[in-house]
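J.: Following this message is one structure expressed as structure tokens.
The values are calculated or read from the model by the stated rules, or taken from the named source; none is laboratory data. Source: prediction; values computed, not measured. Don't worry about glycine lacking a Cβ; one is built from the backbone with ideal geometry, like all the others, and counts go over all protein chains shown. To get the accessible areas, we keep the full protein, side chains included, count just its heavy atoms, and leave off ligands, DNA and RNA. Shrake-Rupley method; radii C 1.70, N 1.55, O 1.52, S 1.80 Å.
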Amino acid sequence: VVDKLDKIGDDAVVEELVNLGVPEATARTIIQIMGAKSVQELETLSGEADKEGLNELKELFSQAESYGFADFLIFDASVVRGLAYYTGVVFECFDRSGELRAICGGGRYDRLLSLYGSKQEIPCVGFGFGDCVIMELLEMKKQLPTLDQETDFVVAAFSKDMLPNAMKVAADLRKAGAVVDMLPN
């Protein structure tokens with residue numbers, strides 16, 4: 001519900017939370033906390049809640065300062081990733097001008113690999129990004145390279161039985177001077 005805050009506003013989110021059984025005062029506190037503009041403000045608003053999470057955030061911003069890229073980070077308590085497997089800090093990345101939607105997003109997930117058979121929890125951080133947003137950004141910055149076509153044909157063998165014939169076709173095309181990529185399966 002809280003990930004709808006930007007779309008439907010404070011009152012509508014409070015109403016949805018109340019409909020889910022959250023007391024109205026608690027729902028309003030959640031909205032207030034999500035409006036925190038710094039880790040320090042979040043700490044003040046949240047009181048004694050989740051000290052471990054606050055310490056993680058403080059450490060993250062401290063390390064960013066030490067590495068010299070703190071100027072690239074903006075704290076936003078309203079960032080909510082919709083996937084239930086995140087166990088720590090989540091993030092979204094935007095272009096510096098803020099004109100585009102998120103370029104990428106991700107976070108920390110310590111138990112994800114356990115869902116796929118790992119016998120132990122393995123701490124991980126991951127992200128996904130959209131190629132369309134990258135293209136928009138490169139075009140906007142006039143940084144999109146012009147790439148010459150390097151492949152004339154792609155020959156694919158759709159089964160193991162087709163592989164010998166596909167290899168022969170690729171070889172014949174190459175002998176004729178074509179640039180050919182071969183996909184064996």
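J.: Hey, what's the chain come to in accessible area per residue, 1.4 Å probe, Å²? Write out the running numbers ahead of the final one.
T.: Working: 13440 Å² over 185 residues.
So the chain comes to 73 Å² accessible per residue, rounded to a whole number.
J.: Which lysines does K160 reach when only Cα atoms under 30 Å apart count, and residues fewer than 8 places away in its own chain are ignored?
T.: K168, K175
J.: Restricting things to Cα coordinates, could you compute the convex hull volume per residue of the chain in Å³? Before the final figure, lay out each step's value.
T.: Values: hull volume 41.7 nm³, N = 185.
Roughly 226 Å³ of hull volume per residue.
J.: Provide the percentage of antiparallel DSSP beta bridges, counting only those with both residues in the chain; round to the nearest 5.
T.: Working: 10 of 14 bridges.
Rounded to the nearest five, the antiparallel share is 70 percent.
J.: How do R101, R81, R28 rank by accessible surface area computed with a 1.4 Å probe, from largest to smallest? Present the calculation step by step, with values, prior to reporting the outcome.
T.: Details: R101 135, R81 75, R28 105 Å².
Heavy-atom accessible area, descending, gives R101, R28, R81.
J.: So what's the net charge close to R81: Lys and Arg +1, Asp and Glu -1, counting the other residues with Cβ under 9 Å from its Cβ?
T.: On the way: positive: none; negative: D3, E92.
Neighbour charge sum, excluding R81 itself: -2.
J.: Which angle from 0 to 90°, rounded to the nearest 10, does the C-alpha axis of helix 51-67 make with the longest principal axis of the chain?
T.: The angle comes out near 60 degrees.
J.: Something else: Rank these by accessible area, largest first, 1.4 Å probe: L60, L112. The partial results should precede the final answer.
T.: On the way: L60 70, L112 25 Å².
Output order, biggest surface exposure first: L60, L112.
J.: Continuing with the same structure: Setting aside same-chain residues fewer than 8 positions from K37, which lysines have a Cα under 21 Å from its Cα?
T.: K4, K7, K51, K58
J.: Please build a GNM for the chain, connecting alpha carbons under 10 Å apart, and tell me which residue among F72, F94, F153 fluctuates the most.
T.: F153
J.: So, one more: Summing +1 for each Lys or Arg and -1 for each Asp or Glu, what net charge is found among the other residues whose Cβ lies under 13 Å from the Cβ of D95?
T.: Summing Lys and Arg as +1 and Asp and Glu as -1 gives -1.
J.: Further, regarding this structure: Under 19 Å Cα-Cα from K141, which lysines qualify once same-chain neighbours fewer than 8 residues away are excluded?
T.: The reachable lysines, counting only those whose Cα sits under 19 Å from K141, number zero.
J.: From the backbone phi of the stretch 30-44, what are the Karplus-calculated ³J(HN,Hα) couplings (6.51 cos²θ - 1.76 cosθ + 1.60, θ = phi - 60°) in whole Hz, Gly and Pro given as x?
T.: Per-residue couplings from phi come out as 4, 4, 4, 5, 5, x, 4, 9, 8, 5, 5, 5, 4, 4, 4 Hz.
J.: Around D50, with a cut-off of 15 angstrom between Cβ atoms, what is the net charge of the other residues, counting Lys and Arg +1 and Asp and Glu -1?
T.: -3
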